[in-house]
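Peer 1: Take this structure, written in structure tokens, and hold onto it; I'll ask about it next.
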Amino acid sequence: MNNNKKYRTTMLVGAAYFTIALHGSAFAQAAAGDQASTTSNSTAAGSNTSNDGGPDIVVTANRRAQRIQDVGMAISQFSAGDLLKTGATGTADLAQLVPGVYVAGAYGGQSQQYTIRGVTQSDYLDSIENPVAFYIDDVYITSAQGQTMSFMDVDRVEILKGPQGTLFGRNATGGLVHNIVAKPQLNDVSGQGSVTYARFNEVNAQGALNIPLGKTMAFRVSGLYTRNDNYWTNAYPGGAQGSSPILSFSPNNTGLPRGGEDVGGSESFALRGQLLFEPTSQLTIRLTGSYAKSRMSTSPYTEEATIAVLDAAGNTINELRAAPNETRIAIGPNGANAALFVPLANGIFTRSVPGGDFYGYVAPDPKTLTLSDDYALSGNNGTNGQVYAAHIDYDLGGAQLSSISSYQKYFKNVYLGDGTAAPALAFGDRSHSEAWSEELRLSGKTPSLQWQTGIFYLDNKIDVLQGIIEPGGSALAGVNAFVLGIPALIDVGNQLNTATRFRSKSYSLFGQIEWKFANRWNLILGGRYIREDQAYSYREFNATSPDPYSMSSVVVAPSFQPDYDNKRTFNLWTAKAQIEFRPITDLLLYAGVNRGVKAGNYNAPFTFSPADIVPSAQLGYAPETLLSFEGGFKLTHGPLTFNASSFYYDYKGFQAFVFTTASGVVRNVDSQVYGFDVDASLRVATGLRLSGSVAYSHAEIPDFEVAPGVFRAVRPPYSPRLQATGTLDYTVPGDVAGGKVSFNATVNYAGAIYHNIRNFDAQRFAPRTLVNLSATWEDTSSGLSVTVFGKNVFDARYGQLGFDNTAVFGGQNVSFGKPASYGVTLGFKF
């Protein structure tokens with residue numbers, strides 16, 4: 001579809017929404033006499049509040065408390081109670097509650113990558129920051145593994161769609177996820193806790209205690225412990241029927257000395273302490289510190305056999321899932337069998353087992369939760385992180401000054417195999433990162449003006465050692481032993497490693513005003529200037545691999561990619577202009593233009609041959625900018641809440657990650673996105689609420705080079721076009737056994753996605769539908785509660801993450817979403 005057609009489509013959608021809004025306005029006007037002061041019990045898209053007659057939902061999307069129906073943007077908000085009722089235990093569960101939001105996990109779940117409305121970044125390099133900014137307690141989280149927190153002592157979670165660069169700044173091109181924690185309270189001894197037990201011996205125990213320390217101080221401590229058994233059974237060295245994998249390519253090496261264990265299990269611990277000090281009514285000081293540590297199995301991947309389709313020049317122009325009778329290595333012109341370098345170098349000319357990969361392996365059916373992986377240990381991967389912050393708020397009398405100072409650091413040691421019983425490759429990643437940040441905000445208001453301004457500073461440092469691990473006896477170790485002229489590598493093993501160091505210093509100045517320039521009319525203007533200084537160092541080398549579960553720095557030979565060092569500075573800016581009109585009390589109309597920006601970064605490619613060398617000029621890539629045009633309305637009428645918006649994104653320099661041959665690079669391309677969000681919530685009767693949300697986003701890169709000289713229209717990875725969520729909340733009238741009984745049912749649909757931007761046929765994951773159910777009994781007088789739940793109750797098996805290794809072993813790594821789970825949660829409050 002060309003740009004004019006896209007523009008007309010977007011305008012038609014917008015016109016339709018405006019027409020609906022006018023009809024809603026007329027409907028509301030007719031009842032204005034008894035509805036002028038109606039309060040809202042609604043949520044934004046995907047939320048699941050069922051507090052009939054309860055208080056208005058408050059959000060801080062504009063860095064101040066507002067009713068959600070008074071904020072002209074698409075927002076979703078979930079209280080701690082909402083999350084409990086839906087069975088959500090971690091940030092990845094948010095994608096099942098908010099259409100338009102999708103979560104994919106790098107390495108099989110050890111870090112999270114958010115996609116909002118087709119705005120995403122699928123590069124797994126630790127120095128890359130996602131275009132969906134992630135905050136915990138007003139602190140920007142720089143590291144991807146810092147985002148995998150469970151909802152420990154959370155007050156609420158807010159998800160903002162669209163660029164948020166003016167007030168939140170850092171790389172918030174696509175939107176924002178903000179976890180707002182429960183804070184200490186003066187003069188209040190209180191506590192809460194819960195224990196969950198579920199399938200696969202899953203345990204989630206958490207609690208919080210609030211203790212006053214005199215009249216001006218209070219301390220709050222929160223803790224969390226989670227664990228679950230391995231839920232993927234490893235049948236190594238077997239596979240599906242007919243599988244006959246090659247276990248070693250070396251007569252002196254019988255395979256990995258360790259491995260073949262069940263995978264999918266994890267154990268985590270987290271602790272947070274907060275000290276609140278209010279020496280005067282004008283001054284509030286809150287000091288926080290948190291620590292989290294996780295231990296996991298090597299990443300739970302299995303394999304799908306795939307086959308490349310080549311053109312006359314030998315370029316891969318498509319990839320297919322291998323048919324059960326497929327024996328060709330690759331499909332050449334006219335359907336002939338075609339050779340690829342890695343299997344050819346190992347003396348493999350056809351697939352020895354029909355439907356298997358190059359090395360004779362056929363994966364078991366993933367519905368059985370069975371895989372066969374030589375490179376698998378049950379507790380090998382680990383992460384830990386620390387975040388410390390000081391929050392200071394001072395009322396100057398007519399203006400409020402806020403300061404947020406933070407320090408955070410993370411360590412990650414993560415490994416994943418190729419998901420097969422045959423030795424081909426593995427991937428390892430060891431990283432250290434730390435960041436300092438400071439934000440100062442000054443805000444105030446007059447009867448017609450709300451204003452705020454501020455400065456932000458971030459100093460971010462990341463050291464990464466990552467590599468393609470070629471265990472002794474593996475196909476790639478044999479190839480490199482030949483290419484490098486070091487025969488011993490076939491037995492010892494080899495690692496093609498990159499050592500990178502990245503540092504960025506970001507300085508920004510921002511401001512925003514909200515001006516009520518006429519009765520019922522409001523104008524919002526904002527902007528941010530950003531200066532970013534970057535320094536980058538890249539080294540690639542071959543190292544011995546005596547232990548394939550540990551990264552090595554023992555250099556045995558240089559690689560083909562030259563060393564690279566670079567420094568550069570970006571001067572960037574964001575801006576926002578929005579007009580709002582409230583024809584009646586319960587209807588808000590808004591339209592605006594918003595410019596978001598994300599700084600450039602650097603590639604860290606792996607080069608297996610001189611043909612893989614990336615020119616130095618392409619190692620650094622440019623910033624991306626997103627110009628958003630969005631309009632919508634928010635309508636509240638008695639028991640009904642109906643919100644909708646339509647948008648068009650002109651996306652310049654989108655940082656597209658292209659993964660091929662066990663490696664990938666980012667390059668800048670232009671993209672367009674258009675779509676809409678619709679959210680409706682209706683209190684059908686006392687205690688019964690129905691909610692439904694639909695999000696459609698048509699993200700497309702019109703002319704993307706999928707192979708040399710081959711251009712196609714493609715979709716960004718992990719970007720379903722259609723998503724929908726339906727929710728039923730019901731509270732039984734009266735008491736049952738001395739408490740209230742409520743039920744929740746949530747159904748979530750996400751359309752098909754591609755895990756690779758080349759959009760080859762094998763890289764498509766089918767649509768999926770998930771159903772979660774829960775029932776809760778709660779005695780508000782005693783604070784006791786019991787929740788029985790089921791998650792993914794129909795046990796849908798769906799691909800959530802993929803890595804294309806068709807050219808290496810004739811397959812792709814696939815990580816599947818979690819299987820069905822059911823359990824019970826016991827909670828208490830005092």
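None of the figures in this text is laboratory data; all of them are computed from the coordinates on show. These numbers come from a predicted model, not from an experiment. Cβ atoms come from the backbone with ideal geometry, glycine included; neighbour counts cover every protein chain shown.
Peer 1: Restricting to Cα pairs below 8 Å that are 6+ residues apart, what does the relative contact order work out to for the chain? Please round to a whole percent.
Peer 2: Relative contact order of the chain: 14 percent.
Peer 1: I've got another one for you. Can you tell me what the convex hull of the Cα atoms of segment 244-288 projects to on average, as an area in nm²?
Peer 2: About 7.4 nm², averaged over all directions.
Peer 1: Would you work out the charge dipole size for segment 113-204 about its Cα centre, treating the Cβ of every Lys and Arg as +1 and the Cβ of every Asp and Glu as -1, and quote it to the nearest 20 debye?
Peer 2: Here segment 113-204 has a charge dipole of around 280 debye.
Peer 1: Using the Kirkwood formula on the Cα atoms of segment 360-488, what hydrodynamic radius do you get, in angstrom to one decimal?
Peer 2: Averaging 1/r across every pair of different Cα atoms and inverting gives 19.8 Å.
Peer 1: Could you pull out which residues in segment 266-309 have an amide N less than 20 Å from a spot 7 Å beyond the Cα of TRP436, following the Cα-Cβ vector?
Peer 2: Only 287-290 pass the distance filter.
Peer 1: Can you tell me how much longer the chain between ALA339 and THR769 gets when fully stretched, taken as 0.36 nm per residue apart minus their C-alpha distance, in nm with one decimal?
Peer 2: 150.9 nm
Peer 1: Rounded, prolate or oblate for the chain? Axes are the square roots of the Cα gyration tensor eigenvalues, ordered a ≥ b ≥ c, and the cut-off for rounded is a/c under 1.5.
Peer 2: prolate
Peer 1: Calculate for the chain the 222 nm mean residue ellipticity that helices alone would give, adding -39,500 (n - 2.57) per DSSP H run of length 4 or more and normalising by residue count, nearest 500 deg cm²/dmol.
Peer 2: Per the formula, -2000 deg cm²/dmol.
Peer 1: Checking the table LYS576/LYS818; LYS791/LYS829; LYS183/LYS445 against a 29 Å threshold on Cα-Cα, which pairs fail?
Peer 2: Too far apart for the 29 Å limit: LYS576/LYS818.
Peer 1: Take each of the peptides 479-489, 428-438, 80-90, 445-455, average the number of other beta-carbon atoms within 10 Å over its residues, and list them starting from the highest.
Peer 2: Final packing ranking: 80-90, 428-438, 479-489, 445-455.
Peer 1: Using the alpha-carbon atoms, what tilt in degrees (0 to 90, nearest 10) does helix 475-484 show relative to the longest principal axis of the chain?
Peer 2: On a 0 to 90 degree scale, this one is about 70.
Peer 1: Using the Cα centre of the chain as origin and beta-carbon charges of +1 (Lys, Arg) and -1 (Asp, Glu), tell me which of ALA399, GLY726, SER506 is placed farthest towards the positive end of the dipole.
Peer 2: Final value for the positive-end residue is ALA399.
Peer 1: Farthest toward the dipole's positive end in segment 160-242, which of ALA240, GLN164, ILE211, given Cβ charges of +1 (Lys, Arg) and -1 (Asp, Glu) about the Cα centre?
Peer 2: Of ALA240, GLN164, ILE211, it is GLN164.
Peer 1: What is the dipole size for the chain, taken about its Cα centre, with +1 at each Lys and Arg Cβ and -1 at each Asp and Glu Cβ, in debye to the nearest 20?
Peer 2: 1500 debye
Peer 1: Based on the Cβ-Cβ distance from LEU449 to ALA205, what FRET efficiency comes out when R0 is 60 Å, to the nearest 0.05?
Peer 2: 0.80
Peer 1: Same structure, new question: If you take the beta carbon distance between ASP393 and LEU186 as r and set R0 to 22 Å, what does 1/(1 + (r/R0)^6) give as a FRET efficiency, to the nearest 0.05?
Peer 2: That gives a FRET efficiency of 0.95.
Peer 1: Related question: Rounded to whole Å, give me the distance from the Cα center of segment 316-333 to that of segment 780-812.
Peer 2: Using only Cα atoms to place each centre, the spacing works out to 30 Å.
Peer 1: Can you give me the Cα centroid spacing of segment 441-504 and segment 666-730 in angstrom?
Peer 2: Each part reduced to its Cα centre gives a spacing of 29 Å.
Peer 1: To continue, here is another question. Ranked from highest to lowest mean number of other Cβ atoms within 10 Å per residue, what is the order of the peptides 636-643, 616-623, 325-332?
Peer 2: Taking the mean over residues of other Cβ atoms within 10 Å, the ranking is 636-643, 325-332, 616-623.
Peer 1: Packing-wise, with mean Cβ within 10 Å as the measure, how do 56-63, 261-268 rank, highest first?
Peer 2: The densest-packed peptide leads the list: 261-268, 56-63.
Peer 1: Still on this model: If I stretch the segment between VAL788 and ASP703 completely, what's the gain in nm (0.36 nm per residue apart, minus their alpha carbon distance), one decimal?
Peer 2: Here the segment from VAL788 to ASP703 would lengthen by 25.6 nm.
Peer 1: Could I ask something else about it? Could you pull out every one of the aspartates and glutamates with an alpha carbon less than 12 Å from that of LYS567, ignoring same-chain neighbours closer than 8 positions?
Peer 2: GLU532, ASP533
Peer 1: Output ³J(HN,Hα) for segment 769-779: one whole-Hz value per residue in order, computed from phi by the Karplus curve 6.51 cos²θ - 1.76 cosθ + 1.60 with θ = phi - 60°, and x for Gly and Pro.
Peer 2: Residue by residue, segment 769-779 yields 10, 10, 10, 10, 10, 7, 9, 10, 10, 9, 9 Hz.
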